[in-house]
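In what follows, a structure is listed as structure tokens, so that the remarks can point back to it.
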Amino acid sequence: MGELLNTGEVCTRSVTIAFRRTPLNAAAKLMRENHVGCLVVVDEISGSRVVVGILTDRDIVTAVVAADADARRLLVEDVMSTDLITARESDSLMDVMRSMRRKGVRRVPVVGAENELVGIVTMDDVLTILSEELSLLVDALGSEGKRELLMRK
């Protein structure tokens, strides 16, 4: 990544959310309807959505399905992860990727100065950017070969 990208430039601004008291089965339906693997859990405070946790499809599988628990009796707050990392819009993408690796997470909520939800950066976002960068490198290699052929003629 030749240019220094920050998290605000690459994050997805449209984030599917849930609240602590959202029934877990309703949260799972939200994930399915929105084709997402996680919900950012927020509290409404003074008109802002403040990040308090994250609920992933893996959380549901390991804490509910594998444990034979009844999802209809659980709330998001019963299963969500609260030990999460967040990023600021100004954080470098490289720093966020290092944090993702260190914590073993694939999704990082992006927050503003008051910890309000701004977006989310996911491993998929990062991989898309990396694939674009690699494509540019492949194109450069191809151009070099074509140039050499033209010079031989």
*Of MET97, MET80, MET123, which has the largest mean-square fluctuation in a 10 Å C-alpha GNM of the chain?*
MET123
*Quick one, what does Rg over Rh come out to for the chain if you take C-alpha atoms and the Kirkwood Rh?*
1.15
*asked:* Using amide H atoms built in the peptide plane, which far-off residues or other-chain residues are under 5 Å from VAL110 H to H?
replied: ALA87, VAL118, GLY119, ILE120, VAL121
_Heavy atoms of the protein only, probe of 1.4 Å, neighbouring chains included. What is the accessible area of ILE129 in Å², nearest 10?_
20
*asked:* Rolling a 1.4 Å sphere over the protein heavy atoms, what is the accessible area per residue of segment 1-109, to the nearest Å²?
replied: 60
*Using Cα centres only, tell me the gap between segment 21-44 and segment 95-135 in whole Å.*
19
_Apportionment of accessible area to carbon and sulfur, segment 31-110, percent (1.4 Å)_ = 44
_Pair-distance profile P(r), taking every C-alpha pair of segment 8-75, with 5 angstrom steps and integer %_ = 4, 16, 25, 25, 16, 8, 4, 1, 0
*Along the chain, longest interval not containing exposed GluC sites (Glu not before Pro), exposed being DSSP loop plus at most 14 other Cβ atoms within 10 Å*: 4-113
*State the antiparallel share, in %, of DSSP beta bridges confined to the chain, rounding to the nearest 5.*
80
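The values are calculated or read from the model by the stated rules, or taken from the named source; none is laboratory data. These numbers were taken from a predicted model, which means no experiment stands behind them. Methodologically, a virtual Cβ is constructed for each residue, glycine included, from the backbone with ideal geometry; neighbour enumeration extends over all protein chains shown. Accessible surface is based on the protein model in full, side chains and every heavy atom, while ligands, DNA and RNA are left aside. Shrake-Rupley method; radii C 1.70, N 1.55, O 1.52, S 1.80 Å.
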